[in-house]
Amino acid sequence: MTPTPLYLDCDTGIDDALALAYLLASPSAHLVGIGSVSGNVSAAVGAVNTLNLLELAGRPEIPVAVGAHDPLAGSFDGGAPHVHGANGIGGVELPASRTAVQQESAAQMLVRLAHAYPGELNVVAIGPLTNIALALRLEPRLPELVAGVTLMGGAVLVPGNITPVAEANIANDPEAAREVFAAPWNLTIVPLDVTMANVLEEEHRLELLASDKPVARALGEMLGYYYRFYEGIFGRACSAMHDPLAAAIALEAVNLRTAPVVRAEVDAGSGPGRGQTVCDLRGMHVGFPAQEGARCRVVLELEQDFAPHLVDVLLGRVPAGSGAVTAPESVPA
Ligand code: BDR
Ligand code: CA
């Protein structure tokens, strides 16, 4: 199997840490660069968390670039300490990496990597889309140069988690998201519809804590913090699995049950719909017939529960990207 060259854009963040660990554990992913962006924490803190996780995983050679501090319009709002902790990783103190961040910005790194791996690079975006929009502005040919973009973001048929209609990664920079959704590339979105339906339970956290792998144990500790936030939503100690699910879908490591390819755009206006991902699902009752101009694959439902696969990969029991086949086209519900 030839590993897929992959650029990860993240706001590390507890579930971002899960996604990074998942990708590092996968022989089918070749992480060639990581950019940070403000979201859960500032871009600078996110880069430090990423470097420290890479060090703990024994992969300090993977380059990390700091990305945008502020969204395209407005300024960084201070992040989500109530969800991810003041340091973004649930207060867990990781050994400090001695590796420095790259001189280039995250957007510059993405453009450089797209030229270095023409037609091959997969972009996985699990934070606000500021860096990706900036890269598009730097290199308008980016959509021709990359193989595809998979992003965690949006709320399609379910409520948002920041406003009644907006999910955090889109709500934190709707202008950037609007540009990214409008660009002519193969886009897969992994919205709250599917990430809130796939839950990591306390039994999974205990398995991570019992591991002899330092990264798995650190993730188990971080999840203790994350679970406290989600207890207020689900009524028990557990969490949604937003970002690792996007990583797994980018690697085609999970089977998709409902994933129509539709027209999609982001509301970047100033009304109550700001940050909404508006996807044309009007064909849902007749099996999602092909739509003219449709380019966005919207993952709404998986075939199987994601948690066992995630834990198996994090504990080294199975490699990510092995065994599963992703449905290539629209699949009726
Ligand atoms: C998304 O927002 C962030 O808090 C998470 O890391 C995830 O990327 C979920 O809405
Ligand atoms: Ca994230």
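Readers should treat all values here as calculations from the given coordinates under stated rules, not as data from a laboratory. Because the structure is predicted, anything quoted here is derived from the model rather than measured. In this analysis, Cβ positions are derived from the backbone assuming ideal geometry, glycine residues included, and neighbour counts consider all displayed protein chains.
Taking T258 as the residue in question, decide whether it is surrounded by 23 or more Cβ atoms within 10 Å (Cβ to Cβ) and touching a residue at least 24 places away in the same chain (Cβ under 8 Å).
Values: surrounded by 23 or more Cβ atoms within 10 Å (Cβ to Cβ): no; touching a residue at least 24 places away in the same chain (Cβ under 8 Å): yes.
No, not satisfied.
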*For residues that are away from ligand 2 (no atom under 16 Å from the Cβ) and β-branched (V, I, T), scanning just the range 105-156, find the one that is farthest from the chain's Cα centre (by Cα).*
V111
*Kindly indicate whether any position in the range 75-84 is closer than 18 Å to L151 by Cα and among the hydroxyl-bearing types (S, T, Y).*
no
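Can you pull out the residues in the range 61-90 that are away from ligand 1 (no atom under 16 Å from the Cβ) and under 21 Å from the mean Cα position of the chain (by Cα)?
I62, P63, V64, A65, V66, H69, D70, L72
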*asked:* Residues that are within 12 Å of ligand 1 (Cβ to nearest atom) and either surrounded by 24 or more Cβ atoms within 10 Å (Cβ to Cβ) or in a loop (DSSP other than H, G, I, E, B) (or both): does the range 136-143 have at least one?
replied: no
*If you go through the range 3-56 one residue at a time, how many are assigned to a strand (DSSP E or B), small (G, A, S) and either buried (at least 24 other Cβ atoms within 10 Å of the Cβ) or near ligand 1 (Cβ under 10 Å from one of its atoms) (or both)?*
3
_Of all residues making up the range 25-40, the number that are over 15 Å from the mean Cα position of the chain (by Cα) and among the aliphatic types (A, V, I, L, M)_ = 2
*asked:* Need pairs with beta-carbon distance below 8 Å; first residue aromatic (F, W, Y) and within the range 110-137, second not in a strand (DSSP E or B); sequence gap 6+ or separate chains.
replied: none
_For the range 81-93, give me each residue that is buried (at least 20 other Cβ atoms within 10 Å of the Cβ) and either touching a Phe, Trp or Tyr at 6+ places or on another chain (Cβ under 8 Å) or on the phi < 0 side of the Ramachandran plot (or both)._
V83, H84, G85, I89, G90, V92
*Kindly indicate the residue of the range 188-244 that is among the small types (G, A, S) and assigned to a helix (DSSP H, G or I) and also nearest to ligand 1 (Cβ to nearest atom) among those meeting that condition.*
G232
*Please go through the range 187-242 and pick out each residue that is acidic (D, E) and farther than 18 Å from E301 by Cβ.*
E201, E202, E203, E207, D212, E221, E231
